[in-house]
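Bear in mind that the values in this text are calculations on the coordinates, not laboratory data. Please read all numbers here as calculations on a predicted model, not as lab measurements. Backbone-built Cβ (ideal geometry, glycine too); neighbour counts: all protein chains shown.
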Amino acid sequence: MSKPFPDSFQGNAIPWLLEGDVNDLPVIGTLPPGLSGTFYRNGPNPQYPPRGHYANWYDGDGMVHAFHFGGDRVRYVNRWVRTERFEREREAGEALLGTLFAPQSVASTARDISRNAANATIVCHAGKVLATWETGLPHEIDPITLETRGLYNFGGAIPHDMMVHPKIDPATGDMHVFGRTTPHPEPGNMTYHVVDRTGVVTHTTEIAVPYDSMTHDMFMTENFVVLTVFPAVYDHARESAGGPYVAWEKERSSFLGALPKGGAGTEVVWIEFEGCWGSHTMNAYEQGGMLLCDVMRYPRAMLFPDPDGSWPTDLEFPALHRWTVDPAARTVAQRRFDDANGEMPVMDVRFRGRPYRHGYSAGWSGAVRGLDAIHHYDWDTGRRRSFVPGDGCLVQEPVFVPSAPDAAEGDGYLLALVYRGGENRSDLVVLDAQAIDQDPIATIKLPHRIVTGLHGAWRPA
Ligand SMILES: [Fe+2]
């Protein structure tokens with residue numbers, strides 16, 4: 001018999017324990033003709049109350065939600081990813097693993113279980129739909145039913161680890177991705193892989209890194225990939241001594257490692273700059289020998305303890321910055337877009353790595369509480385527009401969908417989940433990406449709430 005979840009789970013963070021299907025969701029307004037494909041969401045949603053210290057974003061079992069758009073209908077499916085830990089804990093009827101931050105905090109019967117929770121995002125590439133996680137391999141899931149097909153290692157070519165946020169080059173269809181070379185929890189260097197549009201790994205090289213950090217996201221331009229190293233540091237020795245496995249080491253610098261696409265790891269150019277946390281990247285492109293890298297920047301990451309295990313209290317929230325990186329001079333110039341706070345940046349991925357104008361994020365409308373606004377940033381005018389659904393509402397990361405395959409950049413729709421606290425229920429709204437401060441074009445009404453999660457993707461039909 002499972003116990004209730006503790007009071008630390010409140011509101012839309014309380015886990016949702018039902019899996020199911022809705023054949024035809026009610027829609028207010030009109031679905032845009034041509035909106036055909038699937039909107040995926042992933043996020044932590046533990047099936048059992050946690051064991052000991054718990055870091056929801058890393059430790060919670062991944063639950064994937066799919067909204068299948070076709071004709072004038074939207075069909076909904078949600079399923080947990082059947083990871084090893086999910087299946088073993090279901091068998092045991094309780095949580096067996098502790099947190100990523102303290103890998104030793106597991107039940108004595110569970111020391112062989114991977115803590116891969118498959119909860120971070122969905123990557124659609126080469127016909128595969130993959131649920132990624134922080135320090136492990138992705139899980140492949142069925143694109144329609146969300147049934148778990150198992151861990152996916154690219155035919156053995158990526159044996160240990162694939163980062164959460166790879167980048168797909170729209171010109172070639174190649175996926176560029178980094179991973180750690182050695183299996184968790186041994187420290188190691190990084191690997192860089194290119195996976196072609198058919199799913200074959202065509203290039204692998206090893207990169208010596210300044211230190212062993214959590215590399216969550218990356219930049220990609222037309223000709224370069226950029227590996228990020230921020231002071232969220234893995235330290236197995238510290239963990240063995242009873243400390244946190246990942247901690248914020250504030251005295252360290254940050255590094256960006258620029259490498260020609262398909263290049264050897266020895267070609268990387270490291271650019272050292274101030275310690276900070278670039279949680280998520282919006283896009284990057286080349287201009288006059290510079291790499292313009294757009295990123296949500298925190299002065300200090302919130303999600304990691306100090307090396308002594310204490311958690312920070314004086315936090316500053318993230319905001320969109322443009323880092324102008326000069327690989328020749330090995331410098332980074334930082335500029336903040338405006339005074340708004342935002343996270344979960346996205347763009348029109350048909351223009352990934354190329355000059356672009358429009359970016360979007362989930363964000364804050366004012367005082368920083370839960371994410372309560374969707375922002376549209378116009379890099380040409382420096383102007384921001386926002387969609388604020390109202391009191392008691394929370395939003396999640398949007399996704400951009402073009403109005404047609406050959407539409408101009410930014411001509412399309414933003415899809416975003418809105419939690420309506422007053423009704424304890426969620427909607428999926430469809431916004432005009434050029435006028436997100438107007439009323440939604442369509443509102444797809446769910447009978448239930450979708451727990452505040454992490455990332456997702458749009459997969460065209
Ligand atoms: Fe992420």
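As a length-normalised measure over Cα pairs under 8 Å and 6 or more apart, the relative contact order of the chain settles at 13 percent. Divided by 2.2 N^0.38 Å, where N counts the residues, the Cα radius of gyration of region 1-132 comes to 1.21. Note on the chain: percent of Cα-Cα distances in each 10 Å bin, starting at 0 and stopping at the bin with the largest distance, equals 4, 21, 33, 29, 12, 1, 0. The length gained on full extension between residue 18 and residue 381, counted as 0.36 nm times the residue separation minus their Cα-Cα distance, comes to 126.2 nm. One decimal place: the segment residue 72-residue 315 gains 83.0 nm when fully extended, by the rule 0.36 nm per residue minus the C-alpha distance. Computed from backbone phi, the HN-Hα couplings of region 19-24 come to 10, x, 9, 10, 6, 7 Hz, rounded to whole numbers (Karplus: 6.51 cos²θ - 1.76 cosθ + 1.60, θ = phi - 60°; Gly and Pro given as x).
The listed peptides 78-87, 109-118, ordered by packing as a protection proxy, come out as 78-87, 109-118 (highest mean of other Cβ atoms within 10 Å first). In summary, the lysines within cross-link reach of residue 128, defined as a Cα separation below 19 angstrom excluding same-chain residues under 8 places away, comprise 167. Our note on the geometry: Cα centres of region 1-79 and region 277-337, 30 Å apart. Residues whose amide H falls under 5 Å from that of residue 426, counting only those 5 or more places apart or on a different chain, are 420, 446, 448, 449, 450, with hydrogens built in the peptide plane.
With Cα atoms defining each centre, region 159-176 and region 346-425 are spaced 23 Å apart in the structure. Going out from 0 in 5 Å bins, what whole percent of all Cα-Cα distances in region 175-336 drops into each bin? For region 175-336, the pair-distance distribution reads 2, 9, 17, 21, 20, 15, 10, 5, 1, 0.
Once backbone amide H atoms are built at 1.01 Å from N, residue 125 has 130 as its partners under 5 Å, excluding neighbours fewer than 5 places away on the same chain. Based on C-alpha pairs under 8 angstrom that are at least 6 apart in sequence, region 175-336 has a relative contact order of 17 percent.
In order along region 209-219, the phi-based Karplus estimate (6.51 cos²θ - 1.76 cosθ + 1.60, θ = phi - 60°) of 3J(HN,Hα) comes to 9, x, 7, 8, 10, 7, 9, 8, 9, 8, 10 Hz; Gly and Pro are listed as x.
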